[in-house]
Structure formats: C-alpha cells, structure tokens
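The values are calculated or read from the model by the stated rules, or taken from the named source; none is laboratory data. A quick note: this is a predicted structure, and the numbers were derived from the prediction, not measured. Please note: Cβ atoms are built from the backbone with ideal geometry, for glycine as well, and neighbour counts cover all protein chains shown. These area figures cover heavy atoms from the full protein model, side chains too; ligands, DNA and RNA do not enter into them. Shrake-Rupley method; radii C 1.70, N 1.55, O 1.52, S 1.80 Å.
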Amino acid sequence: MPELNWVNRNQAEQTAESVPYHLLKFEQAYGDEAMARDNLIIQGDNLQGLKALLPLYGGQVKCIFIDPPYNTQSAFEHYDDKLEHAQWLSMMYPRLQLLKNLLSDDGSIWITLDDNESHYLKVLCDEIFGRINFVGNVVWQKKYSPQNDAKWLSDNHDHILVYAKNKTDWRPNLLPRTDKMNARYKNLDNDARGLWKPSDLSVKSYNANTDYPIRTPSGRVVNPPKGYCWRLNRETFDEYVKDNRIWFGENGNNVPAIKRFLTDVKDGVTSMTIWTYDEVGHNQDAKKEVKGFNEETVFDTPKPEKLIQKILTLATNENDIVLDSFLGSGTT
C-alpha cells in the first residue's frame, strides 16, 4: 500500500511511544462531582492528554470526533494554523496512533478537514487505521452563499473522514425519520393498510425471465425501458396485482408501480454522505451558538451543534464514551 513520506517521518512514528505518561491532576468540578469524573475536560497538550487517558480508557472509546487545525496557512486568534506541511503531518501522526488505541473494537473516528490537507490525511489514516476500515467521506456544506471575492472557486464544503476500528464490527445507527419523509406517503386509493407511495417496478440489472409485457387496466400494453426488466417475475407480479400492491395510476393507464407502505419501512433511514447546511447547520450558525455564552472572544472556526449531534446519533448509544481531543469551542 502506498505511504506518505516526509521530513522527520521516522521521528513522528516514534513520538507516540516516547511521550511519557502523565497523571491527570484534578482541578475543579462543575455541578455533580461524581458525574464530573466521567465527563472530563483536560487542559494541556493533547498528545500528553491522550497518553494520560490510555491506561484509563484504552479500547473503550466508542466515538472520536476531532476538528484539527486545517493548516490553511492562516494565523487565527486562538491557535496557529500555519505549519509547514511536513510539520503538520508529524503533528497528526502520533495523535492518530494514540486515538486508534483508545477506540473500542466497535468504535469509529470522524475527522473534519478541508481541501488543504484532507487528501493527505486520507492516505495517512489508511495506513494507521487500515484502508479496509475506511467508511466514507462525508461532504458537509459549511456555507450557504458564494464568496464573490474568491480568487478561483468559492469553497462551500468541508470533508469528514470516517474510519471504523474494525469495519466488520461497526454499523452506524439509523437516523430518525422526519415528517418530510413521511409526507411522501399518501393513500390515493384508500387502501386499508394505510399510507403508501409508488416505487419503480423496473430495474437495470437485466434478467430475461422478468422481461415481459404488462397490460394495464385501461388496455394499454407496457414493457420495461430498453435495457431494463421488471423487478418481479410474472407469477409474483400477478400475486401483487391480486393483493392490490400494484398501482396503475388513478386512470389505470400508467406504467405499473409497486406500492410501498409506510408501515413496512424501517424506523429510521440510512445516512447519505452529503450533509446540507439546512440539516446540520453552517459556519454562521456555529458562531451564533458561541456568542450565546461568549460574545467577546468568539472562537474563529467552531462547528455547529447540529453537525456534532448528527455524528453522535450515527455513532453512539446511551452511555457510550465520546472523545474530542481538539476541543475548540467545546461543541462536542
């Protein structure tokens, strides 16, 4: 498998092993002290913090979300984002090694980046987590309008690289169904089984056994589109017609469709890999959320709460351990 090579890579490979273990020093508890011990905020270098967590939480973290410096070559008020490329890789490598050791066997890691480093980090993560454990690249729409002062193209998305510790042991949760999804189901023929929507009867994976003409109630003869065939064989199709599971339109002249009942669908839906700002928020939403508790020094690049909420919905269940080692404004 191809590997990235950069100045001081050998040193970066040894950093995670050579950094000494540190004991965590209790400073202050907010609210219930017993609960606080299970909800830690650690101040300090996150490399040392991760090493300190390893004896306590190694192999136990169900979900890791990190929002590391994007290396945009900009100087922000709260952190330096202007590392030489090799320095950035050397910074990320040992931290990813420790994060992998903290993940549970059925855990996952979610990493936000933009185009400056995301493609290099993909190769790095393939090496550390295993290319076979790459789940997907989520595209998050972080802006809702173009930047007309952009020199080339106005970027309006970030990447979220998703890896599982062991892909064979990991499955994302389903997302809750929305009212908008359910509104697609009607009951045009007052079927006693309730709300339904028409679903295409034809499929592209051609099978000569399911390529046959169908006569509609109006007498019209229809065939599958060229290169397609029907989803059902003739015998099953006739059974569906008798059971009122085929819809020919209100006039009985339409190409037949299968009736999919709302009562038969799963309780949730599988997440897609494009997340629009109307469902997970955008940069301006995130800054407004920060101003809600700190109007004076707003963190430059916060993430919206709805974005993190969606990740945690997909990746965790009640009482799972979550880790964010690039805390930022504390959204997680």
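Annotations
- Those helices (runs of 4 or more DSSP H) lying entirely in region 1-90 with at least 1 residues at pLDDT 90 or above: 9-18, 46-57
- One residue from ASP149, ASP114, ASP106, ASP126 being at pLDDT below 95, at negative phi, open to solvent by 10 Å² or more (accessible area, probe 1.4 Å) and in contact with a strand residue (DSSP E or B) (Cβ under 8 Å, 6 or more places away or on another chain): ASP114
- Filter result for LEU99 (more than 14 Å from PHE326 (Cα to Cα) and either in a helix (DSSP H, G or I) or open to solvent by less than 50 Å² (accessible area, probe 1.4 Å) (or both)): no
- Take the conditions (1) loosely packed, with under 10 Cβ neighbours inside 10 Å; (2) within 20 Å of LEU312 (Cα to Cα); (3) among the small types (Gly, Ala, Ser); GLY31 misses just one of them, which is (2).
- Answer residue from region 167-203, given it is part of a loop (DSSP other than H, G, I, E, B) and under 30 Å from ASN116 (Cβ atoms) and is least open to solvent (accessible area, probe 1.4 Å) among those: TRP170
- Listed by first and then second residue, the pairs linking a residue in region 188-209 that is charged (D, E, K, R) to a residue that is open to solvent by 70 Å² or more (accessible area, probe 1.4 Å), with Cβ atoms under 7 Å apart and 6 or more places separating them unless they lie on different chains, are ARG193/THR263; LYS197/ARG184; LYS197/LYS186; LYS197/ARG260; LYS204/TYR228.
- Unique residue being surrounded by fewer than 17 Cβ atoms within 10 Å (Cβ to Cβ) and touching a Leu at 6+ places or on another chain (Cβ under 6 Å) when the list is GLY268, GLY227, GLY249: GLY268
Per-residue answers, yes or no, for (1) surrounded by 15 or more Cβ atoms within 10 Å (Cβ to Cβ); (2) assigned to a loop (DSSP other than H, G, I, E, B):
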position	(1), (2)
THR263	no, no
GLN284	no, no
LYS288	no, no
LEU314	yes, no
SER329	yes, yes
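- Test for LEU201: is it under 23 Å from THR273 (Cβ atoms) and hydrophobic (A, V, I, L, M, F, W, C): no
- Any chance ASN166 is modelled with pLDDT of 90 or more and of a type outside the set (A, V, I, L, M): yes
- Matching residues, region 9-46, being touching a helix residue (DSSP H, G or I) at 6+ places or on another chain (Cβ under 6 Å) and either of a type in the set (Val, Ile, Thr) or under 21 Å from GLN97 (Cβ atoms) (or both): ALA12, THR15, ALA16, VAL19, TYR21, HIS22, LEU24, ILE42
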